[in-house]
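Presented below is the structure to which this report refers.
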Amino acid sequence: MTTTAIAPSTRARTLRRALEEGQGVLRLMPTWVPRTFSTPGHRLRLHPDDQYALGPGRGALTERWLASTTQADNGPDTPDGEGVSRVLLPDGQMPLTEAVDILGGDLIGPRLTAAGDGWPVYAKFYDYQGALPFHIHLADAHAAAIGQRGGAEALYFPPELNPHTGKRPIMFLGLQPHVTREEFLARIADFSGDNHITELSQAFRVRPGTGWNIPPGVLHAAGSLCTYEVEQASDTYAMCESFADDQPVPEDLLWKDVPAEHRGNHQYILDMLDWQANTDPAVLRTLHNPPLPVTSPRDDGLSERWIAYGSTLFSAKEVTVAPKATATLTDQAAYGAIAVRGHGRFGTHAVAAATLIRYGQPTEDEFFVSETAAITGVPVTNHSATEALVLLQHFGPANPALPAP
């Protein structure tokens, strides 16, 4: 299959034909994003020879972004389009951003089109042997100061991608209720060595098959499980830990998304925090998201669970189709989908969870489903006689099917 760009004069026609022939479902290429601040966990099914496919200076390919129209922010050397998914077409590829612009409501639905914000969410797998540094994502007000969206997110730990739990399967979340603002400021002011900031946090053991809701402004370090993360279309953060996963964290990452006039002002970082949410003594009850069954057991072999449901900004489900079963998957909004186990048919397309992916090569595991196709229903067939077919779906804001909190 060629990976060359299609001619501008035929782009819209080719895309619409692909959407029609796919009955509202588009195939997506794997989208890899490098990071320099941690060690890979080798659970993304990427070929080991391709872990540093972009060169050691760019870091390891520790993240795979899913149904994304979001530009990654890896500093001034980040190539344009890094992090943006690409639609697979019969004669080439197209950025998902362009597909959304061309198709509009025919892809993401009239509700999101009228909002004028495009496809304002994405999902990712991230995979670290240790743990990410203790950090926050920006709320809308602080993100707007740098021309970005806020960064609410939800985390889920798929059993299929966690044959091992890494070096530290511990979630640091928020701050202990007695911690003072002065104590926090003293830690982030010290990037000369290990500032031991997680001593101020609460810690929880994490395990596959569970998840968490993480509002913006809440400090967290999700531990060393391979994580499925659903979030607003934003790559903003402030790393508050100076030493993580046995290596220093550059102080520049503390100030990455701080306006130039406020860099060096630690009070500005403190103001980014939701202090009440961070020091909530009931943070486990408030932010833990155990899977929530969508329906009672069905005789067609389909079972569904909400795995991200704590925010109206996005939602996500885990879908399982039993061996040899065929079922129709119906939803109320457009979504991105990724297969993590099994093989069969997804609408008109073959679907197969990847086992070993070469960088730059297509797979049969990732799709974008239009709102019309979601509502009409996508037939899903499991071709295995012994193994379940498992997919993860992520939706945009105000999903009509999302259960009330």
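The values are calculated or read from the model by the stated rules, or taken from the named source; none is laboratory data. Computed from a predicted structure; not experimentally measured. Glycine also receives a Cβ, built like all others from the backbone with ideal geometry; neighbour counts cover every protein chain displayed. Remember, those area values only see protein heavy atoms, side chains included, never the ligands or the DNA or RNA. Shrake-Rupley method; radii C 1.70, N 1.55, O 1.52, S 1.80 Å.
Please get the size of the charge dipole for the range 196-350, origin at its Cα centre, with Cβ charges of +1 on Lys and Arg and -1 on Asp and Glu, quoted in debye to the nearest 20. Intermediate values should be presented prior to the final figure.
Values: 11 positive and 19 negative charges, 185 e Å.
Value, rounded to 20: 880 debye.
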**OP:** Go through 245, 101 and list them by solvent-accessible area, largest first, probe radius 1.4 Å.
**Re:** 101, 245
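What is the sum of charges around residue 400, taking Lys and Arg as +1, Asp and Glu as -1, for the other residues whose C-beta is under 15 Å from the C-beta of residue 400?
On the way: positive: 111, 317; negative: 331, 371.
In short, 0.
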Original post:
Considering amide H positions built from the backbone, and no H for Pro or chain starts, which residues 5 or more places from residue 329, or on another chain, come under 5 Å of its amide H?
Top reply: 378, 380
**OP:** Please work out the C-alpha center-to-center distance from the range 350-405 to the range 62-105 and express it in whole Å.
**Re:** 18 Å
Subject >> Phi to ³J(HN,Hα) by Karplus 6.51 cos²θ - 1.76 cosθ + 1.60 over the range 164-181, Hz, x for Gly, Pro >> reply: 9, 9, x, 7, 8, x, 10, 8, 8, 9, x, 10, 4, x, 8, 5, 9, 4
Subject >> Leading residue at positive end of dipole, the range 10-60 (Cβ point charges), from 57, 34, 24 >> reply: 24
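Is there a quick way to get the dipole size of the chain? I mean about its Cα centre, with the Cβ of Lys and Arg at +1 and of Asp and Glu at -1; what is the value in debye to the nearest 20? Mind showing how you got there, number by number?
Details: 30 positive and 46 negative charges, 215 e Å.
So the dipole magnitude of the chain works out to roughly 1040 debye.
Give the shape of the range 45-99 as rounded, prolate or oblate, defined through the alpha-carbon gyration tensor: a ≥ b ≥ c are the square roots of its eigenvalues, a/c under 1.5 means rounded, and otherwise the shape is prolate if a/b is larger than b/c and oblate if not.
On the way: a/c = 2.19, a/b = 1.39, b/c = 1.58.
The shape class here is oblate.
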Subject >> Global geometry of the range 104-209, whether rounded, prolate or oblate, following the gyration tensor of its Cα atoms and the 1.5 cut on a/c >> reply: oblate
Subject >> Fluctuation leader among 282, 222, 327 - the chain, Gaussian network, Cα springs under 10 angstrom >> reply: 282
**OP:** Note down the accessible area of residue 305, probe 1.4 Å, to the nearest 10 Å².
**Re:** 80 Å²
Subject >> For the range 144-156, 3J(HN,Hα) per residue [Karplus equation, 6.51 cos²θ - 1.76 cosθ + 1.60, θ = phi - 60°, Hz, x = Gly/Pro] >> reply: 4, 5, 10, x, 10, 7, x, x, 5, 7, 9, 10, 9
Original post:
Each residue of the range 99-113 in turn: what ³J(HN,Hα) in whole Hz from Karplus with 6.51, -1.76, 1.60 and θ = phi - 60°, glycine and Pro shown as x?
Top reply: 4, 5, 4, 6, 8, x, x, 5, 10, 8, x, x, 5, 6, 5
Subject >> Heavy atoms of residue 239 accessible to a 1.4 Å probe, total area in Å² rounded to 10 >> reply: 0 Å²
Original post:
Counting only residues 5 or more places away or on other chains, whose amide H sits under 5 Å from the amide H of residue 255 once H atoms are built in the peptide plane?
Top reply: none
Original post:
Considering amide H positions built from the backbone, and no H for Pro or chain starts, which residues 5 or more places from residue 351, or on another chain, come under 5 Å of its amide H?
Top reply: 344, 345, 346
Original post:
What whole-number value in Å² describes the accessible area per residue of the chain for a 1.4 Å probe?
Top reply: 39 Å²
Original post:
How much accessible surface area, in Å² rounded to 10, belongs to the heavy atoms of residue 268 with a 1.4 Å probe?
Top reply: 30 Å²
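Using a 1.4 Å probe on the protein chains only, how many percent of the accessible area of the chain belongs to carbon and sulfur?
Values: 8190 of 15880 Å².
The computed percentage sits at 52.
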Original post:
Out of these labelled values of P(r) over Cα pairs in 10 Å bins from 0, in percent, (i) 4, 17, 18, 15, 13, 13, 13, 7, 1; (ii) 4, 18, 26, 22, 14, 10, 4, 1, 0; (iii) 5, 23, 34, 25, 11, 3, 0, which was calculated from the coordinates shown here?
Top reply: (iii)
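Mean separation of Cα pairs under 8 Å and 6+ residues apart, divided by the residue count of the chain: what relative contact order is that in percent? Mind dumping the intermediate values first?
Details: 1034 pairs, mean separation 76.8, N = 405.
With pairs under 8 Å counted, the relative contact order is 19 percent.
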